[in-house]
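Undergrad: Below are the structure tokens for one structure; questions will follow.
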Amino acid sequence: MYTVNFESAAFILTLVCLIYSLTVKRRQYRVSGSFFSKLQNQHFVFLLLLLSNLFSAASSVGGVWLTEVTFPNVGFWRYLLHALYFFFHTTLSICFTLYIMNVNGTSIGRGRLFYSLFVLPYILAELLVLTNSYTGLAFYMDDAMVYHRGPMIAVLYGVGALYIVLGFYFFFRYNQAVSRADSIAIGTVIVMASLGIVIQAVRPDLLVELFAESLAFLMLMILLEERSGHIDLVTGTLNRVAFADANRRLMQTNQHYSVILVRITNMDMYSKLFSGREMEKLLMQLASWLTELGGGQNVFSCGQEEFAVLVMDSGPAAAALAQKILDRFEQDWKSGDITLRLEAAVAVVRVPNEAAHLDQLEDLLASSYHTSKTGSHLVSYDELSAFQRSRNMELALRSAIENGKLRVWYQPIWSAEQQHTIAAEALLRIDDEEFRGVSPEVYIPIAEKSGLIREIGMFVFAEVCRFLRDHAKDADALEYIELNLSVYQFMYDNLAESFEEIRSGFDVSASRLNIEITESASEQATAGMAEAMEELRTLGYTFSLDDFGTGYSNLSRLVKGGYLNIKIDRSLLWDADRNPDARRLLNSLIQIIRKLGYNVVQEGVETPAQLERVSEAGCNLIQGYYFSRPLPEADFLRYLRAERERPEKSTENNN
Ligand code: C2E
Ligand code: MG
Ligand code: MG
């Protein structure tokens, strides 16, 4: 005697799950694309699981009920319900495996051969069920219309077991591809379903298997199908968390695919012009256009103005899709009353060739890739990785600062008149493996863009003050130390105040601090910068104009005055080595600057011939490898002491 209580409960439970999914979570189950591509969608397969379970339970309950009643033709109905039960129960087992494969990504990117082999046992089993009325191989009804197992019933159970085992295999084999929480959820589901099967094997009369499976599906619905944390609230597409999840799965299962990154570069401008609601509508429209294009499930909103499309192709199809996206941005977007032209920077990243780990992919996303090019454009992978390098450098810079890796080195400035070192330039160095051989010319601009320059500038300033205080005796030979100041530092309104606070702490005179400003920076000078410079001058600081003679040299700078030194860029000196016109220009420039009453510092003097040339022209201060490279503090102190002991030799000192 069978008790159908559990089966009835299974039916009701599954029905509730189905109703909930199709109403409350409707959006998630609206999957576009071909049936084959839908089978690669976790949510779609979940619906199939529920349906198979529902029909299995219904046919089982109906079947048991029919054993207790009699009416004409009841034999046919009994037979039919048995057949339906086997049909849906076999479907249930293949869907179970497919579901696990979708959760951990093993389903994606496999070829037709794999799927042909994958469905083969299923098709055989279902053929056995469908042809059973002729063959009676699976089961048959005797004359009294009582059910009996046929000689090949083991095949049906075997196929079911095969898919369950396959599901186990894919679950354990690619367990790392799913998050810990998801992994625990699936593990529990597997245990629950298996328990049902075992109990039913021991007590067939209880018919408990489907009920255990329904409970398992309820759990899947609550834990794995509840993807609200994976949905972008504005656009309704999957969000960045889902993006990370999807890529983790695909990478763990060694898939080859492409990620098309789409960044809207002029969103900022429109956000200022239109309301938040209008912009949201526009983003929704954009997202649904991309979703249609990307075939349904593979579009992710990765930020305010960024989208990513996963394409299971790493060849021309991905490039063609990227081009299609770009082409769309050549047209207007209309939403309500507004019509506007969005601009996009589109990049294609091929996995694993161009990004083998999730970190790399996320770095690329975070690199704020877009060039200064206007209009929509394709960002090449080389450009993309340059952005990434710059971002990595920013992170490395941040950690170098946090870990106390910043150093200040000193390069002597030699006076041609006094024939000894009278000043030095403080230059930033980073004592870290990652920065070995990397010039400040590379990381200072990154520090400027990221705002780290402020902290760095303050560090260098404090270090120089400390140096002057701690080594008063050796530093006595130095009239001042020059520090490089970035124009960005002037943007912080309390620059003079911060300097003063540090300086007074070290009890160093402001006149011993000379601030170098590059010519290009002084070109960009803002009113705030002029004010801060004036304030610092009043406090006793002096200024030098750095890198004079590069870019758009502006002689009017010299007339405006206010500098102690003008530093001529080394490129001009080196041009003079090769070119007589440059030689004449350098000569005259030095003379003019001297006549205007400034000191001239020639940077980059390396050879005796260069020293002679600039000295003859009247250059009174020299800086360069001819005298010394920039030195760490201790070496620089030794250098000063050595020079003090034999000052007459300093011009012969060529290192
Ligand atoms: P800069 O201010 O023009 O500094 C002079 C650069 O020329 C230094 O490069 C120095 O090592 C190099 N140099 C000096 N003499 C010679 C020579 O004879 N031959 C050659 N080949 N090079 C010579 P460094 O230290 O790599 O610094 C590069 C630039 O980075 C600096 O150019 C400056 O603009 C910036 N910088 C360095 N430290 C700081 C800092 O603390 N703050 C800011 N804002 N910028 C800094
Ligand atoms: Mg400088
Ligand atoms: Mg310079």
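The values are calculated or read from the model by the stated rules, or taken from the named source; none is laboratory data. Only a predicted model underlies this, so the values are computations on that prediction, with no experimental measurement involved. Glycine also receives a Cβ, built like all others from the backbone with ideal geometry; neighbour counts cover every protein chain displayed. Just the protein is used for accessible areas: all its heavy atoms, side chains included, with ligands, DNA and RNA removed. Shrake-Rupley method; radii C 1.70, N 1.55, O 1.52, S 1.80 Å.
Undergrad: Can residue 106 be described as open to solvent by less than 50 Å² (accessible area, probe 1.4 Å), out of contact with any Leu (no Cβ under 8 Å at 6 or more places or on another chain) and among the polar types (S, T, N, Q)?
TA: Against the criterion (open to solvent by less than 50 Å² (accessible area, probe 1.4 Å), out of contact with any Leu (no Cβ under 8 Å at 6 or more places or on another chain) and among the polar types (S, T, N, Q)), residue 106 qualifies.
Undergrad: Looking at the stretch 64-87, which of its residues are out of contact with any Phe, Trp or Tyr (no Cβ under 9 Å at 6 or more places or on another chain), more than 18 Å from residue 133 (Cα to Cα) and in a helix (DSSP H, G or I)?
TA: Matches in the stretch 64-87: 65, 68.
Undergrad: Here are some conditions: (1) in contact (Cβ under 8 Å) with a residue 40 or more places away in the chain; (2) open to solvent by 40 Å² or more (accessible area, probe 1.4 Å). Residue 462 meets all but one. Which one does it not meet?
TA: Just one mismatch for residue 462, condition (2).
Undergrad: Does the stretch 266-276 contain any residue that is under 25 Å from residue 387 (Cβ atoms), of a type in the set (A, V, I, L, M) and free of Cβ contacts under 8 Å to residues at least 60 places away in the same chain?
TA: The answer is yes, given that some residue of the stretch 266-276 is under 25 Å from residue 387 (Cβ atoms), of a type in the set (A, V, I, L, M) and free of Cβ contacts under 8 Å to residues at least 60 places away in the same chain.
Undergrad: Kindly list the number of the only condition in (1) over 22 Å from residue 160 (Cα atoms); (2) surrounded by 19 or more Cβ atoms within 10 Å (Cβ to Cβ) that fails for residue 39.
TA: Result: residue 39 passes all but (1).
Undergrad: Using the structure shown, decide if residue 401 is away from ligand 2 (no atom under 16 Å from the Cβ), among the β-branched types (Val, Ile, Thr) and assigned to a helix (DSSP H, G or I).
TA: yes
Undergrad: Which numbered condition trips up residue 7, out of (1) charged (D, E, K, R); (2) open to solvent by less than 30 Å² (accessible area, probe 1.4 Å); (3) within 13 Å of residue 98 (Cβ to Cβ)?
TA: (3)
Undergrad: Further question on the same structure: Residue under question is residue 446, and the condition is that it be touching an Asp or Glu at 6+ places or on another chain (Cβ under 8 Å), within 16 Å of ligand 3 (Cβ to nearest atom) and aliphatic (A, V, I, L, M); does it hold?
TA: For residue 446, the condition - touching an Asp or Glu at 6+ places or on another chain (Cβ under 8 Å), within 16 Å of ligand 3 (Cβ to nearest atom) and aliphatic (A, V, I, L, M) - is not met.
Undergrad: Hey, another quick one. Is it fair to say residue 189 is modelled with pLDDT under 90 and among the aliphatic types (A, V, I, L, M)? First the steps, then the outcome.
TA: Values: modelled with pLDDT under 90: yes; among the aliphatic types (A, V, I, L, M): yes.
Yes; evaluated as a whole, the condition is true for this residue.
Undergrad: In the stretch 391-412, which residues are of a type in the set (Gly, Ala, Ser) and closer than 23 Å to residue 367 by Cβ?
TA: The first filter runs over the stretch 391-412 and keeps only residues of a type in the set (Gly, Ala, Ser), leaving 396, 399-400, 404.
Correct list: 396, 399, 400.
Undergrad: List every residue pair whose Cβ atoms sit under 8 Å apart, with the two residues 6 or more apart in sequence or on different chains, where the first one lies in the stretch 417-433 and is open to solvent by 50 Å² or more (accessible area, probe 1.4 Å) and the second, anywhere, is in a loop (DSSP other than H, G, I, E, B) and within 15 Å of ligand 1 (Cβ to nearest atom).
TA: Once the first residue is open to solvent by 50 Å² or more (accessible area, probe 1.4 Å) and sits in the stretch 417-433, its partners that are in a loop (DSSP other than H, G, I, E, B) and within 15 Å of ligand 1 (Cβ to nearest atom) give 429/630; 429/632; 431/405.
Undergrad: Going by the conditions given, is residue 239 farther than 30 Å from residue 277 by Cβ and open to solvent by less than 70 Å² (accessible area, probe 1.4 Å)? Break it down into steps so the answer makes sense when it comes.
TA: Values: farther than 30 Å from residue 277 by Cβ: no; open to solvent by less than 70 Å² (accessible area, probe 1.4 Å): yes.
No.
Undergrad: Could you please let me know if residue 408 is farther than 30 Å from residue 274 by Cα, within 16 Å of ligand 2 (Cβ to nearest atom) and in a helix (DSSP H, G or I)?
TA: no
Undergrad: Under the condition of being of a type in the set (Phe, Trp, Tyr) and part of a helix (DSSP H, G or I), which residue from the stretch 144-163 is least open to solvent (accessible area, probe 1.4 Å)?
TA: Looking at residues that are of a type in the set (Phe, Trp, Tyr) and part of a helix (DSSP H, G or I), I get 163.
Undergrad: If only one of 577, 581 is assigned to a helix (DSSP H, G or I), among the charged types (D, E, K, R) and either within 13 Å of ligand 1 (Cβ to nearest atom) or within 17 Å of residue 411 (Cβ to Cβ) (or both), which one is it?
TA: 577
Undergrad: Which of the residues belonging to the stretch 535-562 are among the hydroxyl-bearing types (Ser, Thr, Tyr), touching a helix residue (DSSP H, G or I) at 6+ places or on another chain (Cβ under 9 Å) and within 13 Å of ligand 2 (Cβ to nearest atom)?
TA: 550
Undergrad: Now for a separate question. I'd like to know if the stretch 381-396 contains one or more residues that are away from ligand 2 (no atom under 16 Å from the Cβ), open to solvent by 20 Å² or more (accessible area, probe 1.4 Å), part of a helix (DSSP H, G or I) and at pLDDT 90 or above. Walk me through it before giving the result.
TA: As a first pass, look at the stretch 381-396 and keep what is away from ligand 2 (no atom under 16 Å from the Cβ): 381-396.
Checking which are open to solvent by 20 Å² or more (accessible area, probe 1.4 Å) leaves us with 381-383, 386-395.
This time we only want the ones that are part of a helix (DSSP H, G or I), so: 381-383, 386-395.
Narrowing the set further to residues that are at pLDDT 90 or above leaves none.
So far as the stretch 381-396 goes, no, none of its residues is away from ligand 2 (no atom under 16 Å from the Cβ), open to solvent by 20 Å² or more (accessible area, probe 1.4 Å), part of a helix (DSSP H, G or I) and at pLDDT 90 or above.
Undergrad: Could you grab the pairs with beta carbons closer than 9 Å, sequence gap of 6+ or different chains, first residue in the stretch 538-554 and more than 15 Å from residue 564 (Cβ to Cβ) and within 9 Å of ligand 3 (Cβ to nearest atom), second one modelled with pLDDT of 90 or more and not in a loop (DSSP other than H, G, I, E, B)?
TA: Listed pairs, sorted by first residue: 547/516; 547/567; 547/568; 547/570; 547/571; 550/571; 550/572.
Undergrad: Also: As an exercise: evaluate residue 454 against (1) within 13 Å of ligand 1 (Cβ to nearest atom); (2) under 21 Å from residue 636 (Cα atoms); (3) open to solvent by 20 Å² or more (accessible area, probe 1.4 Å) and give the number of the one condition it does not meet.
TA: The number of the failed condition is (2).
Undergrad: Another question about this same structure. Across the stretch 543-593, which residue is surrounded by the fewest Cβ atoms within 10 Å (Cβ to Cβ) among those that are in contact with a Gly (Cβ under 9 Å, 6 or more places away or on another chain) and among the aromatic types (Phe, Trp, Tyr)?
TA: The residue in question is 574.
Undergrad: Of (1) out of contact with any Phe, Trp or Tyr (no Cβ under 9 Å at 6 or more places or on another chain); (2) under 29 Å from residue 445 (Cα atoms); (3) more than 16 Å from ligand 1 (Cβ to nearest atom), residue 511 satisfies all except one. Which?
TA: (1)
Undergrad: How about the stretch 197-235: which of its residues are among the charged types (D, E, K, R) and surrounded by 16 or more Cβ atoms within 10 Å (Cβ to Cβ)?
TA: Correct list: 209, 213, 225, 227, 232.
Undergrad: Sticking with this one: Restrict the check to the stretch 305-315 and report whether at least one residue is acidic (Asp, Glu), buried (at least 18 other Cβ atoms within 10 Å of the Cβ) and within 23 Å of residue 366 (Cβ to Cβ).
TA: yes
Undergrad: Find all pairs meeting these conditions: Cβ atoms under 9 angstrom apart; at least six residues apart or on different chains; first residue within the stretch 483-512 and on the phi > 0 side of the Ramachandran plot; second residue modelled with pLDDT of 95 or more and open to solvent by 50 Å² or more (accessible area, probe 1.4 Å).
TA: Pairs that qualify, where the first residue is on the phi > 0 side of the Ramachandran plot and the partner is modelled with pLDDT of 95 or more and open to solvent by 50 Å² or more (accessible area, probe 1.4 Å), are 507/469.
Undergrad: Residue by residue through the stretch 605-622, note down the ones that are in contact with a helix residue (DSSP H, G or I) (Cβ under 9 Å, 6 or more places away or on another chain) and buried (at least 18 other Cβ atoms within 10 Å of the Cβ).
TA: Result: 605, 610, 611, 613, 614, 617, 619, 620, 622.
Undergrad: While we're on this one: Can you give me the ranges of the helices (runs of 4 or more DSSP H) entirely in the stretch 423-533 with at least 2 residues that are at pLDDT 95 or above?
TA: 453-470, 495-506
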